[in-house]
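Notes for the one structure printed next.
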Amino acid sequence: MPDHELVEQPSPHLLSRSFTRAQVTAVRHTVTLLASGCGLAGRRLEDFALAVNELVTNAVRHAGGQGRVLLWCTGDSLCCEVTDDGPGIPADRVDPGAPPPASAIDGRGLWLVTRLCDQVAIDTGPAGTTVRIVAALSS
């Protein structure tokens, strides 16, 4: 669920890059490699990589085809932030309590992210969206 008291960003980041539709796969692979290097493994690594992929995909599909991804590791957490300049996320999708109906064509991405990560913070409005996710390195 959204949590606004998340880990602060250290400098330098493990990853700081802009992306477009053409780089979605490369971002996912890079995040997976870097997350593994921080100690995230197994199902936790797969879940985190999937969550980042969903956020990046949402940015290119719903927010103008581009965005920015930041990744950093603290002593006990792996954090990622995806930012876009789109029109914002509709209020009913910011904190989805239940999954979309089986007949829905889309709307599962953010719902999945909130279930795959230990912490999620969403800041959205007409000037863009920033979603920050956190995964504990030890569970």
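The values are calculated or read from the model by the stated rules, or taken from the named source; none is laboratory data. This structure is a prediction, so every number in the text was calculated from the model and none was measured. Note: ideal-geometry Cβ built from the backbone for every residue, glycine included; neighbour counts use all protein chains shown.
Evaluate the following for V31: is it at pLDDT 95 or above, β-branched (V, I, T), farther than 16 Å from A135 by Cβ and part of a helix (DSSP H, G or I)? Explain how you work it out, then say what you get.
On the way: at pLDDT 95 or above: yes; β-branched (V, I, T): yes; farther than 16 Å from A135 by Cβ: no; part of a helix (DSSP H, G or I): yes.
Spelling it out, it is not the case that V31 is at pLDDT 95 or above, β-branched (V, I, T), farther than 16 Å from A135 by Cβ and part of a helix (DSSP H, G or I).
If I ask for residues that are of a type in the set (D, E, K, R) and touching an Asp or Glu at 6+ places or on another chain (Cβ under 9 Å), which ones from region 85-117 would you list? Before you say what the answer is, go through the steps one by one.
Restricting attention to region 85-117, the residues satisfying the condition of being of a type in the set (D, E, K, R) are 85, 92-93, 95, 106, 108, 115.
Correct list: R108, R115.
Please count how many residues of region 31-49 are buried (at least 18 other Cβ atoms within 10 Å of the Cβ) and either free of Cβ contacts under 8 Å to residues at least 40 places away in the same chain or closer than 18 Å to I122 by Cα (or both).
5
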